[in-house]
Amino acid sequence: MTALKFETRPFRLLNKIQHYAWGARNEQAFIAKLLQLEVEKDKPYAELWMGTHPNAPSAVEINDQEKIPLDRFIKQFPKEVLGQKVIERFGVQLPFLFKVLSAGEALSIQAHPNKEQAAILHKRDPEHYPDDNHKPEIAIALDQLTALVGFRPLTELITVLEEFPELNQIRFFAKNQDKPFTNRQEFKLFFQDLMRNSEKHPEILEQILQSMEQKLLSRSNLSERDELYLQLRKRYGTDVGLIFVYLLNLVHLSRGQGVFLKAGVPHAYLKGNIVECMANSDNVVRVGLTPKFKDVQALMEIVTYDLKPVEILDGSQSNQFTYQVPINEFAIQHFDLEPGQKAHFKFDSISILIIINGQGRISCRTGSQVGQKGQSFLLPAALSEVNFKALTPMEIFCAFVPIK
């Protein structure tokens, strides 16, 4: 094989699908339809990964006959692909992982560690925490997303305890077990008792969950949370994750709206299709609503107690919107173009784009090509800018490393 020479142009990416059990299936299989694949009956299509993470690495298409793993391409041409400032900040590696996620049913109750916590968890349990990196992430709705995100404001949590006083039964070893929490610190103690004793005394947890279930079944009018609780109760039985249905903010994102999840925020995506970007890590601390490994102790070490509503990043009102987040690894640029409309994307670092809808021309100083729905491209830093022209209604998301 002849030595590979770098070309300053966009490169097609070949990506892998993750078929986790919660992924959308059959007629709802968003990812299969995005990629224009034949949908396999009853097969879950959960995530499309674009990046270098070893669990599902992408490949770069050099030409019709030749492709190369993205991480090897980066190592072969680090400055041209990443850009010098990315190398100085992160070394010779892609610092983010870009995804399309399609949830047909609820994901686990989970949180992600910060960098220091990730290093500790990785050293302590590398089997379940394969990375020593943090995993802050952004989720942006492609159509809609329903999710549980972060603890609710204190006043709402107090109302939950008034509605379900049986929750205090889990605190039977605690001082002042019958006293409701009135501030953030008291809620933190309540939550820690809840998590510890639910694990040690599942029979008490089952009594509480059964009492809550009977109370809901006796009602003539059920809220969305109530219906969600009963649905998940039927599936998961005795699971502390059910209580999170009432402890966390219930969020509905419409197309173009996003939410940033910093380290330690408990959350669970329930249903919907999103673009997701995160630091290059697969560290997940799970505690409920999953058959996978659960780690109550790790969650209590990393969880944050902000007790506030969720801040929504609203890009739904603009056809060009930048989702900026308070970290260095990534930002997201969104283009939503009408036929004939043009857009300019300038970048100082590596970028990965995916076309979610439509067809259009991608042009740069070395040439142009037509991209279409489901295709993704590596935009190397040396390229520095591209122009888009929509041939049909066209939607594009670009993940890049913000250089400040």
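Structure notes:
- Förster-model FRET efficiency, 35 Å R0, Val39 and Ile312, C-beta, rounded to 0.05: 0.65
- Applying the criteria of a DSSP loop state and at most 12 other Cβ atoms within 10 Å to the trypsin sites (Lys or Arg not before Pro) of region 31-113 yields Lys41.
- As a length-normalised measure over Cα pairs under 8 Å and 6 or more apart, the relative contact order of region 156-244 settles at 26 percent.
- Positive minus negative residues near Pro380 (Lys, Arg vs Asp, Glu; Cβ under 15 Å): +3
- Applying 1/(1 + (r/R0)^6) with R0 = 45 Å to the Cβ-Cβ distance of Thr238 and Lys115 gives a FRET efficiency near 0.85.
- Computed from Cα atoms, the angle from the helix 115-124 axis to the main principal axis of the chain rounds to 70 degrees.
- GNM result for the chain, Cα springs below 10 Å: residue of Ile354, Ile120, Ile362 fluctuating most strongly: Ile120
- Cα-projected label distance for Glu186 with Ser218, points at 7 Å along beta-carbon direction, nm: 2.6
- Shown for Cys364, Cys277: other C-beta atoms within 10 Å of each C-beta, ranked fewest to most, produce the order Cys364, Cys277.
- Between the C-alpha center of region 192-216 and that of region 377-404 there is a gap of 49 Å.
- For region 122-165 versus region 297-369, the inter-centroid distance based on Cα atoms is 22 Å.
- A straight chain from Ala21 to Ile403 at 0.36 nm per residue would run longer than the Cα-Cα distance by 133.8 nm.
- Per-residue Cβ neighbour counts within 10 Å put Ser108, Ser368, Ser318, Ser376 in the sequence Ser318, Ser368, Ser108, Ser376, beginning with the fewest.
- Above-threshold pairs, the threshold being 30 Å between Cα atoms, out of Lys262/Lys342; Lys41/Lys346; Lys75/Lys342; Lys123/Lys262; Lys234/Lys373; Lys16/Lys292: Lys262/Lys342; Lys41/Lys346; Lys75/Lys342; Lys234/Lys373
- Counting only DSSP H runs of at least 4 residues, each contributing -39500 (n - 2.57), and dividing by the residue count of the chain, the helix-based mean residue ellipticity at 222 nm comes to -7500 deg cm²/dmol.
- Maximal additional length on extending the Lys75-Thr8 stretch stands at 22.5 nm, based on 0.36 nm per residue less the C-alpha distance.
- Computed E for Asn319/Arg89 - FRET, C-beta separation, R0 41 angstrom, nearest 0.05: 0.85
Every number in this text was worked out from the coordinates using simple rules, so none of it is lab data. Small disclaimer: the values here were computed from a predicted structure and weren't measured. Note: ideal-geometry Cβ built from the backbone for every residue, glycine included; neighbour counts use all protein chains shown.
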